[in-house]
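FYI, it's all coordinate maths here, none of it is from the lab. Keep in mind the model is a prediction, meaning the values are calculated, not measured. Cβ coordinates were reconstructed from backbone atoms using ideal geometry, including for glycine residues, and neighbour counts include every protein chain displayed.
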Amino acid sequence: MQPINKRYRRLYTLLPLLFLLGCIGAIQMIGRWQPTPGTAGQKAVMDADENDVQPVATLAVTTSAAEAVASAAVATPTATFTATPLPTPTIAATATITLLGPPDGAVFAATAVLSFYWQWPLPLTAGQQLTLYHLAATGPVALGSLAEPNLGDGYTLHIPAQQLANASGTAVWYVQLETANRDALRSSETRQLSLITR
């Protein structure tokens, strides 16, 4: 009797593995029966009437047509694509970017890492981002962008003060809601901070 128990024990040990392999195989077979994207239109669509078996539509490209195109050897014009501007979403007039920190007139060491905090009351849509800008003498300089909140419902960026090196003691910063193409949708107030060397 002892050898029979060992056989059943081995069978019971291997049975879940065999069942799992069978399930994986069944899933693979089902996946092969379903048409993959791009090949669904290669088969003719048939009418529901069994007596009248005629294809309704077909999207298959025959090899003779492909060979005829290949043998034509005619120079084809190059397609030119132009960028289509993204539609500008409508934003409520009451929606404002609220700067939380650092406060206006804050003083930091020139070697510090600065933490900028702000809030935006609406969820960002696809293609929108909030960008932190330093207003340099040559114009606005983007310091970083966020496409989603990273501090609860708020936003924060940690920037080394060395990125504001062009600032001669003071730096002006603000946050701007913009599209991915950097088209401004809404801007916050500007704030000033001071950098000192020790």
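Side notes on the structure shown:
- At full extension, residue 20 and residue 172 could sit 48.5 nm farther apart than now, given 0.36 nm per residue minus the alpha carbon distance.
- Under the simplified labelling scheme, the residue 29-residue 181 pair shows an inter-label distance of 5.3 nm, with each label point 7 Å from Cα along Cα→Cβ.
- The phi-based Karplus calculation (6.51 cos²θ - 1.76 cosθ + 1.60; θ = phi - 60°) puts the 3J(HN,Hα) values of segment 9-14 at 5, 5, 4, 5, 6, 7 Hz, whole numbers, x for Gly and Pro.
- Extension gain, residue 150 to residue 197: 0.36 nm times the residue separation minus the Cα-Cα distance gives 13.8 nm.
- Once the Cβ-Cβ distance of residue 100 and residue 138 is raised to the sixth power relative to R0 = 41 Å, the FRET efficiency obtained is 0.90.
- The Cα atoms of segment 98-196 define a convex hull whose projected area, averaged across directions, is 5.9 nm².
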